[in-house]
Amino acid sequence: MAISGRFVALVVFGVAPIILIGQPWALLAWLLLVAVLAGLDLALAGSPRAVRLSRQLPSRVRLGETVASTVLIANPGRRRVRGMVRDGWSPSAVAEPARAPLDVPAGEQRTITTMLTPFRRGERRAAHVTIRSFGPLGLAARQATIAAPGAITVLPPFNSRKHLPSRLARLRELDGATSVMVRGQGTEFDSLRDYVRGDDVRSIDWRATARRAAASGPGLVVRTWRPERDRRVVIIVDSGRTSAARIDNEPRIDTAFESALLLAALASSAGDRVDMVIYDRRVRARVQGATGAELLSRMVSSMAPVDPELIEMDWTAVPALVRSITSHHALVVLATTVDAPGASRGLLAVLPQLTRKHMVVVASVTDPAILEATTQRDNRDEVYRAAAAERALLDQSRVAAAVRQLGAEVVTAAPQDLPPALADTYIALKAAGRL
């Protein structure tokens, strides 16, 4: 049961006459009258427990997008159900409006639409719907909470896909759209074409030239080359405690997901095979053997429910994890943190095992606020803050230098810049034949 503002106003309305009469029985009589009216109103209210609920909503939505959740309310009873309804979504789903008016005549049904704009990844749930049904006087209401389970999976937003067209254009140039292709490590035979002045004479195919001379006359034929396809790209995302830090209002792990998605889309378009593992001390998610659109679909679905664990990353298990994915030479991308020497000790210890056989790239997000703090030195507090920022940058550069010394590449950038920077590194390695 619930009472409305009308009930309170009715009680207050009787105060003035009672003061004028000045008799105690007048107060009791008025309160009794108001209670009888409220009881009568409650008895005439439609029963909220008699309604039938059904829910309609999409199964998935990208983070930051808005979708509609629809609840169909049917009233099979004999009384009108008039009042308010609240769809019980979790706060992170950001349901608007929080409450909606409801008026369902007997034997009819109505639709209540709630707009959801989730601000967290994962599965957002609604367990119930609360209905408050008022009587004809609007003084008192029946209230019931009815189970109506629903869930929607919030996927990573993949905002970095805006960088994909420009990187694909660079890949097409690298893959043979340019007229000069030179043979070297990491390239494979592409096709034969006529010799053009300026071509490297070492690329002349003398057998093809002889066959052409025998068939249609003299003319030199050269071979063209392109970067090798069907290479292996293994992405390891660190989901340990350091990935829970928020950089520029975004968790580090979300930036790692954006970088992994852009790299996977780019490498898949280049003809390479991409595998991804999210790991801390156990495998949180794993995607293997997928290509094309299925690859990105499986990746975003596996990333959606993963949140950082407040435990240290077990780097000693990473070499065995990579061996379980592939035994051939591969590009291994480690999306982790290289901020402090102490936290990076485990990473540095296992890098020699990985670089011995694979090309390793360490991708780490940096905090733009640290760079900004180094330029602000107007007072004593800012000077101390700038000194701490310089110390942090020095630690980052020391760890990055140690990683390069062990044979790996390092990519560091702000959250918005890390995905395209990692994609550029992949293209540069492919162009240099280091994959």
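Things worth noting here:
- Taken over the stretch 394-409, residues that are surrounded by 16 or more Cβ atoms within 10 Å (Cβ to Cβ) and farther than 26 Å from R434 by Cα amount to 1.
- Flag if R380 is open to solvent by 40 Å² or more (accessible area, probe 1.4 Å) and more than 29 Å from the chain's Cα centre (by Cα): yes
- Among residues of the stretch 301-342 being of a type in the set (A, V, I, L, M, F, W, C) and within 30 Å of R124 (Cα to Cα), the one that is surrounded by the most Cβ atoms within 10 Å (Cβ to Cβ) is A335.
- Within the option set S69, S54, S47, being hydroxyl-bearing (S, T, Y), open to solvent by less than 80 Å² (accessible area, probe 1.4 Å) and within 20 Å of A140 (Cα to Cα) holds for one residue only, S47.
- Matching residues, the stretch 75-93, being open to solvent by less than 30 Å² (accessible area, probe 1.4 Å) and out of contact with any Leu (no Cβ under 6 Å at 6 or more places or on another chain): N75, G77, V81, D87, G88, W89, S92
- Members of the stretch 410-426 that are within 16 Å of V233 (Cβ to Cβ) and surrounded by 20 or more Cβ atoms within 10 Å (Cβ to Cβ): V411, P419, L422, A423, Y426
- Flag if D41 is of a type in the set (D, E) and not in a strand (DSSP E or B): yes
- Residue check for L393: at pLDDT below 95, under 30 Å from the mean Cα position of the chain (by Cα) and either more than 28 Å from F158 (Cα to Cα) or not in a helix (DSSP H, G or I) (or both): yes
- The condition (being modelled with pLDDT of 95 or more, polar (S, T, N, Q) and under 22 Å from T291 (Cα atoms)) is satisfied by just one residue among S259, S269: S259.
- Residues satisfying the stated conditions in the stretch 192-227, i.e. in a helix (DSSP H, G or I), modelled with pLDDT of 70 or more and within 24 Å of L174 (Cβ to Cβ): R202, S203
- Total residues in the stretch 43-102 satisfying the condition of being within 13 Å of A151 (Cα to Cα), in contact with a Ser or Thr (Cβ under 6 Å, 6 or more places away or on another chain) and basic (K, R): the figure is 1.
- Residues satisfying the stated conditions in the stretch 57-66, i.e. of a type outside the set (G, A, S) and open to solvent by 20 Å² or more (accessible area, probe 1.4 Å): L57, P58, R60, R62, L63, E65, T66
- Looking across the stretch 343-355 at every residue that is of a type in the set (G, A, S) and under 18 Å from R252 (Cα atoms), the one that is most open to solvent (accessible area, probe 1.4 Å) is identified as A343.
The values are calculated or read from the model by the stated rules, or taken from the named source; none is laboratory data. As the structure is a computational prediction, the values presented were derived from the model and not from experiment. FYI the Cβ positions are ideal-geometry reconstructions off the backbone, even for glycines, and counts take in every protein chain you see. Remember, those area values only see protein heavy atoms, side chains included, never the ligands or the DNA or RNA. Shrake-Rupley method; radii C 1.70, N 1.55, O 1.52, S 1.80 Å.
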